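Notes to accompany the following structure.
The values are calculated or read from the model by the stated rules, or taken from the named source; none is laboratory data. Worth saying up front: this structure is predicted, and the values here are computed from it rather than measured. Note that we place each Cβ from the backbone using ideal geometry, even for glycine, and neighbour counts take in every protein chain shown. Please note that ligands, DNA and RNA were not included when accessible areas were found on the heavy atoms of the full protein model with its side chains. Shrake-Rupley method; radii C 1.70, N 1.55, O 1.52, S 1.80 Å.
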Amino acid sequence: MGPTTGPSVPASVEEFRASASSRLRRFPHLEVPDAPDIRRAAVLLCVVESPERTPAVLVIRRAYRGRNAGQWGLPGGRLDSGETAEQAAIRELHEELGLTATTADLLGRLDDFPASSGFVITPFVAALSDATALNPSQDEVHSVHFVDLGRLAEDDVPHWVSPGEAVRQGELPGEASTIAPEGPGLLQMRLGDGMTIHAPTGAMLWQFREVVLLGRDPADARIADFAQPDWTRH
(Lines give C-alpha, C1' and ligand atoms only; values in the text may rest on other atoms or scores of the structure.)
Protein backbone atom coordinates (compact mmCIF):
# COMPACT_ATOMS: atom_id res chain seq x y z
CA MET A 1 0.00 0.00 0.00
CA GLY A 2 1.55 3.29 -1.04
CA PRO A 3 1.35 6.55 0.91
CA THR A 4 -1.63 8.84 0.48
CA THR A 5 -2.63 12.32 1.53
CA GLY A 6 -5.10 12.80 4.35
CA PRO A 7 -5.06 13.01 8.16
CA SER A 8 -1.70 13.83 9.68
CA VAL A 9 0.17 10.73 10.82
CA PRO A 10 3.78 10.17 11.93
CA ALA A 11 6.29 10.56 9.12
CA SER A 12 8.77 8.01 10.47
CA VAL A 13 8.90 4.93 12.65
CA GLU A 14 10.58 6.94 15.40
CA GLU A 15 7.84 9.59 15.32
CA PHE A 16 5.29 6.81 15.49
CA ARG A 17 7.07 5.23 18.45
CA ALA A 18 6.89 8.48 20.41
CA SER A 19 3.25 9.31 19.66
CA ALA A 20 2.01 5.73 20.04
CA SER A 21 3.79 5.25 23.37
CA SER A 22 2.18 8.40 24.74
CA ARG A 23 -1.31 7.48 23.58
CA LEU A 24 -1.10 3.86 24.69
CA ARG A 25 0.05 4.87 28.18
CA ARG A 26 -3.25 6.71 28.52
CA PHE A 27 -5.36 3.98 26.93
CA PRO A 28 -7.36 1.93 29.48
CA HIS A 29 -7.34 -1.38 27.63
CA LEU A 30 -10.01 -3.96 28.41
CA GLU A 31 -9.13 -7.53 29.31
CA VAL A 32 -11.30 -10.64 29.04
CA PRO A 33 -10.96 -12.62 32.28
CA ASP A 34 -9.93 -16.25 32.22
CA ALA A 35 -12.61 -18.92 32.03
CA PRO A 36 -12.45 -22.70 31.54
CA ASP A 37 -13.50 -22.56 27.87
CA ILE A 38 -11.25 -19.66 26.81
CA ARG A 39 -8.20 -20.15 24.63
CA ARG A 40 -5.65 -17.37 24.35
CA ALA A 41 -3.86 -15.88 21.36
CA ALA A 42 -1.76 -12.77 20.79
CA VAL A 43 -0.96 -10.66 17.73
CA LEU A 44 1.30 -7.74 16.89
CA LEU A 45 0.37 -4.54 15.10
CA CYS A 46 3.97 -4.06 14.06
CA VAL A 47 4.99 -0.76 12.48
CA VAL A 48 8.10 -0.73 10.28
CA GLU A 49 9.49 1.37 7.46
CA SER A 50 7.90 0.39 4.15
CA PRO A 51 9.77 0.10 0.82
CA GLU A 52 8.46 3.64 0.14
CA ARG A 53 10.29 4.80 3.33
CA THR A 54 7.08 5.61 5.18
CA PRO A 55 5.82 3.97 8.41
CA ALA A 56 3.46 1.09 7.75
CA VAL A 57 1.82 -1.70 9.72
CA LEU A 58 2.51 -5.27 8.61
CA VAL A 59 -0.52 -7.29 7.50
CA ILE A 60 -0.27 -10.83 6.22
CA ARG A 61 -2.37 -13.11 4.08
CA ARG A 62 -2.18 -16.53 5.60
CA ALA A 63 -1.09 -19.55 3.60
CA TYR A 64 -3.87 -21.38 1.80
CA ARG A 65 -3.76 -24.33 4.15
CA GLY A 66 -4.71 -25.15 7.73
CA ARG A 67 -6.48 -22.82 10.15
CA ASN A 68 -7.66 -19.50 8.68
CA ALA A 69 -6.46 -20.49 5.21
CA GLY A 70 -6.07 -17.46 2.92
CA GLN A 71 -7.45 -14.97 5.44
CA TRP A 72 -6.03 -11.56 6.25
CA GLY A 73 -4.28 -11.44 9.59
CA LEU A 74 -1.63 -9.94 11.83
CA PRO A 75 1.53 -11.75 12.90
CA GLY A 76 0.55 -13.88 15.87
CA GLY A 77 -1.08 -17.04 17.10
CA ARG A 78 -2.07 -19.09 20.11
CA LEU A 79 -0.15 -19.05 23.38
CA ASP A 80 2.01 -22.07 24.13
CA SER A 81 1.81 -23.66 27.56
CA GLY A 82 3.35 -21.40 30.21
CA GLU A 83 3.77 -18.52 27.78
CA THR A 84 2.63 -14.94 28.35
CA ALA A 85 0.76 -13.03 25.66
CA GLU A 86 3.80 -10.77 25.15
CA GLN A 87 6.09 -13.77 24.68
CA ALA A 88 3.69 -15.39 22.23
CA ALA A 89 3.38 -12.26 20.10
CA ILE A 90 7.17 -11.86 19.91
CA ARG A 91 7.71 -15.56 19.15
CA GLU A 92 5.07 -15.64 16.43
CA LEU A 93 6.52 -12.55 14.74
CA HIS A 94 9.83 -14.35 14.43
CA GLU A 95 8.34 -17.67 13.36
CA GLU A 96 6.04 -16.16 10.73
CA LEU A 97 8.10 -13.24 9.41
CA GLY A 98 11.66 -13.79 10.60
CA LEU A 99 11.67 -10.49 12.51
CA THR A 100 13.09 -10.19 16.01
CA ALA A 101 11.39 -7.98 18.58
CA THR A 102 12.01 -7.55 22.29
CA THR A 103 9.73 -6.38 25.08
CA ALA A 104 11.32 -2.93 24.65
CA ASP A 105 9.82 -2.79 21.15
CA LEU A 106 6.30 -3.28 22.54
CA LEU A 107 4.66 0.12 23.00
CA GLY A 108 1.43 -1.01 24.65
CA ARG A 109 -1.68 -3.07 24.07
CA LEU A 110 -5.21 -2.66 22.82
CA ASP A 111 -8.43 -4.34 23.93
CA ASP A 112 -8.73 -8.10 24.08
CA PHE A 113 -10.96 -9.31 21.26
CA PRO A 114 -13.26 -12.26 22.08
CA ALA A 115 -13.35 -14.01 18.72
CA SER A 116 -16.25 -16.30 17.85
CA SER A 117 -13.75 -19.13 17.31
CA GLY A 118 -13.37 -19.33 21.11
CA PHE A 119 -10.02 -17.55 21.18
CA VAL A 120 -9.46 -14.33 23.08
CA ILE A 121 -6.94 -12.33 21.07
CA THR A 122 -4.64 -9.85 22.80
CA PRO A 123 -3.20 -7.25 20.39
CA PHE A 124 0.08 -5.50 21.08
CA VAL A 125 1.53 -2.52 19.25
CA ALA A 126 5.22 -2.59 18.32
CA ALA A 127 7.66 -0.49 16.33
CA LEU A 128 10.81 -1.89 14.73
CA SER A 129 13.55 0.36 13.42
CA ASP A 130 14.98 -2.38 11.17
CA ALA A 131 12.84 -4.81 9.17
CA THR A 132 15.51 -5.89 6.68
CA ALA A 133 15.44 -9.41 8.10
CA LEU A 134 11.84 -9.87 6.90
CA ASN A 135 11.62 -13.48 5.70
CA PRO A 136 8.06 -14.87 5.62
CA SER A 137 7.52 -18.52 6.46
CA GLN A 138 6.25 -20.29 3.35
CA ASP A 139 4.35 -22.75 5.54
CA GLU A 140 2.34 -20.03 7.30
CA VAL A 141 2.34 -16.88 5.15
CA HIS A 142 1.11 -16.46 1.58
CA SER A 143 2.03 -12.76 1.30
CA VAL A 144 3.12 -9.76 3.38
CA HIS A 145 1.65 -6.27 2.92
CA PHE A 146 2.84 -2.86 4.17
CA VAL A 147 -0.26 -0.83 5.03
CA ASP A 148 0.81 2.80 5.00
CA LEU A 149 -0.31 4.63 8.14
CA GLY A 150 -1.56 7.52 6.03
CA ARG A 151 -3.84 5.18 4.11
CA LEU A 152 -5.10 3.50 7.27
CA ALA A 153 -6.09 6.92 8.65
CA GLU A 154 -8.14 7.89 5.57
CA ASP A 155 -11.86 8.55 6.10
CA ASP A 156 -12.95 6.12 3.38
CA VAL A 157 -11.27 3.05 4.89
CA PRO A 158 -13.89 1.94 7.49
CA HIS A 159 -17.22 0.80 6.01
CA TRP A 160 -20.15 -0.54 8.01
CA VAL A 161 -22.76 -3.00 6.80
CA SER A 162 -25.27 -5.26 8.49
CA PRO A 163 -23.98 -8.74 9.41
CA GLY A 164 -26.33 -10.21 6.80
CA GLU A 165 -24.44 -8.34 4.09
CA ALA A 166 -21.15 -10.08 4.83
CA VAL A 167 -19.75 -11.50 1.61
CA ARG A 168 -16.33 -12.62 0.50
CA GLN A 169 -13.89 -10.27 -1.20
CA GLY A 170 -14.96 -10.86 -4.80
CA GLU A 171 -18.63 -10.24 -4.03
CA LEU A 172 -18.28 -6.94 -2.15
CA PRO A 173 -20.64 -4.13 -3.20
CA GLY A 174 -19.13 -0.83 -4.20
CA GLU A 175 -20.84 1.33 -1.58
CA ALA A 176 -21.43 1.03 2.15
CA SER A 177 -21.85 3.39 5.05
CA THR A 178 -18.74 4.95 6.58
CA ILE A 179 -20.69 5.76 9.77
CA ALA A 180 -20.76 3.17 12.53
CA PRO A 181 -24.26 1.78 13.21
CA GLU A 182 -25.92 2.31 16.59
CA GLY A 183 -25.94 -1.43 17.27
CA PRO A 184 -23.39 -4.13 16.46
CA GLY A 185 -22.50 -3.90 12.78
CA LEU A 186 -20.12 -5.58 10.41
CA LEU A 187 -16.94 -3.60 9.83
CA GLN A 188 -15.08 -3.74 6.55
CA MET A 189 -11.66 -2.09 6.48
CA ARG A 190 -11.31 -1.31 2.77
CA LEU A 191 -7.61 -0.64 2.42
CA GLY A 192 -7.26 -1.11 -1.32
CA ASP A 193 -8.23 -3.20 -4.33
CA GLY A 194 -8.57 -6.79 -3.17
CA MET A 195 -7.83 -5.85 0.43
CA THR A 196 -10.98 -5.68 2.55
CA ILE A 197 -10.45 -6.91 6.09
CA HIS A 198 -13.18 -7.96 8.55
CA ALA A 199 -13.08 -8.70 12.28
CA PRO A 200 -11.18 -9.94 14.16
CA THR A 201 -8.21 -8.44 12.26
CA GLY A 202 -10.26 -5.56 10.89
CA ALA A 203 -11.55 -4.70 14.37
CA MET A 204 -8.04 -4.50 15.79
CA LEU A 205 -6.83 -2.41 12.85
CA TRP A 206 -9.80 -0.07 13.39
CA GLN A 207 -9.07 0.39 17.10
CA PHE A 208 -5.38 0.93 16.30
CA ARG A 209 -6.44 3.58 13.78
CA GLU A 210 -8.86 5.33 16.12
CA VAL A 211 -6.80 5.27 19.32
CA VAL A 212 -3.15 5.16 18.25
CA LEU A 213 -3.15 7.04 14.94
CA LEU A 214 -6.00 9.51 15.40
CA GLY A 215 -5.97 9.89 19.19
CA ARG A 216 -9.72 9.54 19.58
CA ASP A 217 -11.65 8.90 22.78
CA PRO A 218 -11.21 5.25 23.85
CA ALA A 219 -14.86 5.17 24.93
CA ASP A 220 -15.82 5.59 21.27
CA ALA A 221 -13.40 2.93 20.03
CA ARG A 222 -14.35 -0.31 21.77
CA ILE A 223 -14.50 -3.46 19.64
CA ALA A 224 -15.75 -6.40 21.74
CA ASP A 225 -19.20 -6.44 20.08
CA PHE A 226 -17.97 -6.24 16.47
CA ALA A 227 -19.59 -8.89 14.29
CA GLN A 228 -17.57 -11.48 12.40
CA PRO A 229 -18.39 -13.08 9.04
CA ASP A 230 -18.96 -16.83 9.23
CA TRP A 231 -15.77 -17.67 7.33
CA THR A 232 -13.56 -16.02 10.00
CA ARG A 233 -14.89 -18.17 12.82
CA HIS A 234 -12.50 -21.10 12.40
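Within segment 58-116, which residues are part of a loop (DSSP other than H, G, I, E, B) and among the basic types (Lys, Arg)?
ARG65, ARG67
Sub-8 Å Cβ pairs linking a first residue in segment 136-153 that is under 8 Å from ILE60 (Cβ atoms) to a second residue that is surrounded by fewer than 22 Cβ atoms within 10 Å (Cβ to Cβ) and polar (S, T, N, Q), at least 6 apart or interchain, are PRO136/SER143, ordered by first then second residue. Among the residues of segment 184-222, which ones are within 20 Å of PRO7 (Cβ to Cβ), open to solvent by less than 10 Å² (accessible area, probe 1.4 Å) and part of a loop (DSSP other than H, G, I, E, B)? Passing the criteria: only ALA221. Selection of segment 117-160 for residues being part of a strand (DSSP E or B), open to solvent by 30 Å² or more (accessible area, probe 1.4 Å) and farther than 17 Å from PRO51 by Cβ yields only HIS142.
State which residue is nearest to the chain's Cα centre (by Cα) when the search covers only segment 91-115 and only residues that are farther than 11 Å from ALA42 by Cβ, in contact (Cβ under 8 Å) with a residue 24 or more places away in the chain and open to solvent by 30 Å² or more (accessible area, probe 1.4 Å). The qualifying residue nearest to the chain's Cα centre (by Cα) is PRO114.
Please determine, by comparing only the residues of segment 20-58 that are among the small types (Gly, Ala, Ser) and touching a residue at least 60 places away in the same chain (Cβ under 8 Å), which one is surrounded by the most Cβ atoms within 10 Å (Cβ to Cβ).
Of everything passing the filter in segment 20-58, ALA42 is surrounded by the most Cβ atoms within 10 Å (Cβ to Cβ).
Of all residues in segment 77-84, none are touching a residue at least 24 places away in the same chain (Cβ under 8 Å), touching a Phe, Trp or Tyr at 6+ places or on another chain (Cβ under 6 Å) and among the charged types (D, E, K, R).
Cβ-Cβ contacts under 7 Å between residues 6 or more apart (or on different chains), taken from a first residue in segment 116-134 that is among the polar types (S, T, N, Q) to a second residue that is modelled with pLDDT of 95 or more and part of a loop (DSSP other than H, G, I, E, B), are listed as THR122/ASP112.
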